[in-house]
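In what follows, a single structure is set out as structure tokens and then discussed.
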Amino acid sequence: METSKYSHCTMHLKESENIFTDILSPLAQRGEGLNVYFYRIIGCDDEEEFLAEIANLDEKLRSLGSYILFKNRIEVINHITLIEQLKKLLEQVPLKDFSNGAVLNLLESHSYFSLSSDFQASRRVKDAFGVMLNLYLTNDKPVNVSIVINFITKILLWLEENKKKIYKESPYNPKIIYWGSPKSHEIYFLILMSLIGCDILVLNTSFNDRFEKIDPNNKFSFLIRKAYEQPISAFPATRQADGVVSEIRLNHSNKLISFLPNDPVILVKLKKSETLFEEIMVPLDKRIGFVGRPSPILPTFFVRYIGVPSSMDDWKAEYFNSLFNLDKALEMSGNYLKFLEGIPAPNAAESRLLSQKIISNPYQDLFEILEHILQANILLKMNDELLDNTVRKVLVDTVNLFAEKNSNLNPSIVTNFSLKLVTWFNRYLPKLFDLDFKNNPKVLFYGTIKPHEIYLLDAFHQIGCDVLFVHSAEEGDKPFQIFDKDMTRTHLIKNDRNLTLASFPEKEQVIRKSTIAYKASREIEEVIYSEEVGLFRPWQFENYLTQPITLKTTYDELKILWREPSKLRPEFKVQNKKVYIPNLFAKINGVSEDIDSYWKDFKVFLSAPNTKLIQTVPFTQTNYTKQELFQADYLLNAQGLFDEIKVRKSRHYKFGYLKIELQIFLISKMNELISSGMFINDVDEKFKLRILMTILTMEDSLTKLIEVFDYPQEIPKVIVYNNKKEMFSSEDAILLSYFNLIGIDIVIFTPTNYLTIENHLKPDLFDIHQLSLVKYDLALPLLDVSEATVN
């Protein structure tokens, strides 16, 4: 512990969003004062992942130096001389004086708090001991002096035993892990160590937590409670399961490999940024969190840059230009690798360099595989000892990680992976590293990636490289979602657009850029023409879906609302990328007593813009054969809906000239019609095909009604005048229901009172207005409504 830097500081308990990462940070990065972590993690979510994470943390803590691991208990050393001295010293103190500071002064006068030569550090130990002792006396309420003496003696014995591990010159404060459920006196000791300045983690897969009695309000530590309880097993760093060991040993005499865990290695801290293309060029020694030799901490990037950012300009060209310029900048920085078509597997020449004895040896487990590989010296030796230690450790860590994340592995698979990794290390590390902490190496991987390649990128990052994986579509990130589902090893930047993967750019593209005035204009439009404000520019919502709200009205309301635009009708709204259209669907039976009044009303309906008048029933032409109908069944998917891609490629499809958004809209409305429940009869497979063929072959004048529909504005309309006894066909009902779902207004005039649409559609879908008289064969007169129809 570097007492000269913070011995005068007051200890503050610090919260963490990721304690396994934050506990590795130097004190200088934690703000003013002595900020320490004290967390209890009780239970676990996934035992294997939890144990693997602890084993990884254990290795990193060992490399920092001042680290103590307690496994299920804190050993009490039988120091006879010290015990006798304390007994004689404390027996002269009355019980009442243990809580008023007298015992602290007595212990201080005999140098029991002088754990180092620093006076301020000793003062902090005394103050911490007083807080801990008062907590014990308040909670336990001991009835005699002997109990208190035994408690103080045990605490001081533990303090004496561990003080050499605490006070070491280092930018890191001491770390303590307690594996298991600490007993009451052990909890008081851990609280003392936290108050002195240690980071502490209590890791207990069991729900047996005695802190609840000693520190019920979590004043001295923070609690993280996981979902499941597991029995306390062996600490994972010495645990062996499924043929995988966490400590790799050179031989069976239990001699640890030289670089594990005592020799210094590089510690990498994952750095995050939303302005990656700029920050990745910042030198290492200028980044927040950088610590140099002899125990370097490197804040480096491992970023998955997925999708394409949108902009008001040419976003595709801007995306490729940003990649092109980044590539050129990385090339100029030196020590740069770029992978565009995956990472080539070991070739024959590289394979010949590997010992055939290693390849063909019948290994029993991972321990033996790594032992032979490291003894064979087939891994390239780096010129720098620190880098060489790190490379070997990362090789071991990466093979262990591969074994942990893949089930049902056999020694042959692990051997092949390990040797592939060795070959890749030997091939690429000389191109990357000269151990310049100002300009760390950069690795760019563009395109589709395989699982083994991800492990190599992760290894590059753990050695100290900035790593960037780029794919223009979300699907390209799927292998990483399996590898790093908890987002602990990589940082994801997910952009809002997807683009089919194309070749990496070899030159800059010409793009158009918006002027300041244009951008300002667009920004103002976004505010003015928003869903909430109620002002709409032409065709603002052409990419939206529609949801009809068919209004129930009186006959007089029908005439009034008929000419009102959608946005002025009751219930109109725009919400969640959908326009809610208050449309009309009515049937007018009979005629008025005053026939002139009837025709006058008819003229009002007919004179509305974008109105289609139909005078013959049935009005739908069947432009397909039965054979063609049944041959279209391949256009239905497994869910019984129309497959958009297949429909657009079918020979009957005629909407290819329309905007893509409108084509998608038309097909989505067909699928909506299938499941709408509008029809009286069941919608079986044959009827679904009739829906499809009827809509695909409808006449152009009906298609134009949909084309001209700007949803908040004038609503297109269909008027059917039926003065005969001919019935509506199923195809007529399909088209009218389809138009209704889109939001189009429909009115059916039936002077005869005959049933028409009622034979096909459910009666609650439309209004029926009954006039006073019935007329048969009432011919439609010539009306002066030249602007009325769209034909």
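The values are calculated or read from the model by the stated rules, or taken from the named source; none is laboratory data. Because the structure is a prediction, the values reported are computed rather than measured. Glycine gets a Cβ as well: all are built from the backbone with ideal geometry, and neighbour counts include every protein chain shown. We work out accessible area using only protein heavy atoms, side chains counted, and drop any ligands, DNA or RNA first. Shrake-Rupley method; radii C 1.70, N 1.55, O 1.52, S 1.80 Å.
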Legend entry - Among residues of the range 427-453, those that are closer than 25 Å to Ser322 by Cβ and out of contact with any strand residue (DSSP E or B) (no Cβ under 8 Å at 6 or more places or on another chain), counted: 2
Legend entry - Count of the range 545-563 residues which are open to solvent by 30 Å² or more (accessible area, probe 1.4 Å) and either under 16 Å from Ile706 (Cβ atoms) or in a loop (DSSP other than H, G, I, E, B) (or both): 7
Inset, instruction - Would you check which residues across the range 23-40 are in contact with a helix residue (DSSP H, G or I) (Cβ under 8 Å, 6 or more places away or on another chain) and under 10 Å from Asp199 (Cβ atoms) and list them? - result: Ile23, Leu24, Leu27, Asn35, Val36, Tyr37, Phe38, Tyr39
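One line per residue, one yes/no per condition, for (1) closer than 20 Å to Ile588 by Cα; (2) surrounded by fewer than 20 Cβ atoms within 10 Å (Cβ to Cβ); (3) basic (Lys, Arg):
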| residue | (1), (2), (3) |
| --- | --- |
| Asp700 | no, yes, no |
| Thr703 | no, yes, no |
| Val708 | no, yes, no |
| Gln713 | no, yes, no |
| Asn722 | yes, no, no |
| Phe728 | yes, no, no |
| Ile757 | yes, no, no |
| Lys762 | yes, yes, yes |
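Go through Asn217, Asn204, Asn173, Asn144 for me and flag whichever is out of contact with any strand residue (DSSP E or B) (no Cβ under 7 Å at 6 or more places or on another chain) and at pLDDT 85 or above.
Asn217
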Inset, instruction - Pull up the range 131-190, narrow it to residues that are touching a residue at least 24 places away in the same chain (Cβ under 8 Å) and among the basic types (Lys, Arg), then point me to the one that is surrounded by the most Cβ atoms within 10 Å (Cβ to Cβ). - result: Lys175
Inset, instruction - Please tell me if Leu326 is open to solvent by less than 30 Å² (accessible area, probe 1.4 Å), in contact with a helix residue (DSSP H, G or I) (Cβ under 6 Å, 6 or more places away or on another chain) and modelled with pLDDT of 85 or more. - result: yes
Legend entry - Number of the exception - Ile680 against (1) hydrophobic (A, V, I, L, M, F, W, C); (2) open to solvent by 50 Å² or more (accessible area, probe 1.4 Å); (3) under 41 Å from the mean Cα position of the chain (by Cα): (3)
Legend entry - Among residues of the range 191-212, those that are part of a helix (DSSP H, G or I), over 29 Å from Gln120 (Cβ atoms) and open to solvent by less than 10 Å² (accessible area, probe 1.4 Å), counted: 1
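Checking the condition open to solvent by 30 Å² or more (accessible area, probe 1.4 Å), under 18 Å from Trp158 (Cα atoms) and charged (D, E, K, R), which residue from Lys71, Lys60 passes? Break it down stepwise before answering.
On the way: Lys60 fails: under 18 Å from Trp158 (Cα atoms).
After applying the criteria, what remains is Lys71.
Does Ile152 count as β-branched (Val, Ile, Thr), at pLDDT 90 or above and touching a helix residue (DSSP H, G or I) at 6+ places or on another chain (Cβ under 8 Å)? Give the steps one after another, and end with the answer.
Working: β-branched (Val, Ile, Thr): yes; at pLDDT 90 or above: no; touching a helix residue (DSSP H, G or I) at 6+ places or on another chain (Cβ under 8 Å): yes.
When the stated conditions are applied, Ile152 does not pass them.
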Inset, instruction - All but one of (1) over 30 Å from Leu298 (Cα atoms); (2) more than 35 Å from the chain's Cα centre (by Cα); (3) open to solvent by less than 60 Å² (accessible area, probe 1.4 Å) hold for Ile42, so report the exception by its number. - result: (2)
Legend entry - Pair list, Cβ < 6 Å and 6+ apart or interchain, from the range 772-784 residues that are farther than 17 Å from Leu606 by Cα to residues that are small (Gly, Ala, Ser): Leu773/Gly590; Val774/Gly590
Inset, instruction - Select from the range 3-13 the residues that are outside any helix (DSSP H, G or I) and surrounded by fewer than 18 Cβ atoms within 10 Å (Cβ to Cβ) and write down the one among them that is modelled with the lowest pLDDT. - result: His8
Legend entry - Set Lys165, Lys226: member being touching an Asp or Glu at 6+ places or on another chain (Cβ under 6 Å), under 19 Å from Leu57 (Cα atoms), of a type in the set (D, E, K, R) and modelled with pLDDT under 90: Lys226
Inset, instruction - Mind listing whichever residues of the range 273-323 are at pLDDT 85 or above, closer than 21 Å to Asp484 by Cβ and among the charged types (D, E, K, R)? - result: Glu279, Arg304
Inset, instruction - Hey, could you check the range 621-644 for residues that are free of Cβ contacts under 8 Å to residues at least 12 places away in the same chain and open to solvent by less than 90 Å² (accessible area, probe 1.4 Å) and say which is farthest from the chain's Cα centre (by Cα)? - result: Thr625
Legend entry - Residue that is nearest to Ile706 (Cα to Cα), among those in the range 663-679 that are among the aliphatic types (A, V, I, L, M) and out of contact with any strand residue (DSSP E or B) (no Cβ under 7 Å at 6 or more places or on another chain): Leu666
Inset, instruction - Could you check Arg489 against (1) in contact (Cβ under 8 Å) with a residue 24 or more places away in the chain; (2) open to solvent by 10 Å² or more (accessible area, probe 1.4 Å); (3) not in a loop (DSSP other than H, G, I, E, B) and say which number it fails? - result: (3)
Inset, instruction - Tell me, please, whether a residue that is assigned to a helix (DSSP H, G or I), of a type outside the set (Gly, Ala, Ser) and either open to solvent by 60 Å² or more (accessible area, probe 1.4 Å) or closer than 21 Å to Leu61 by Cα (or both) can be found in the range 214-223. - result: no
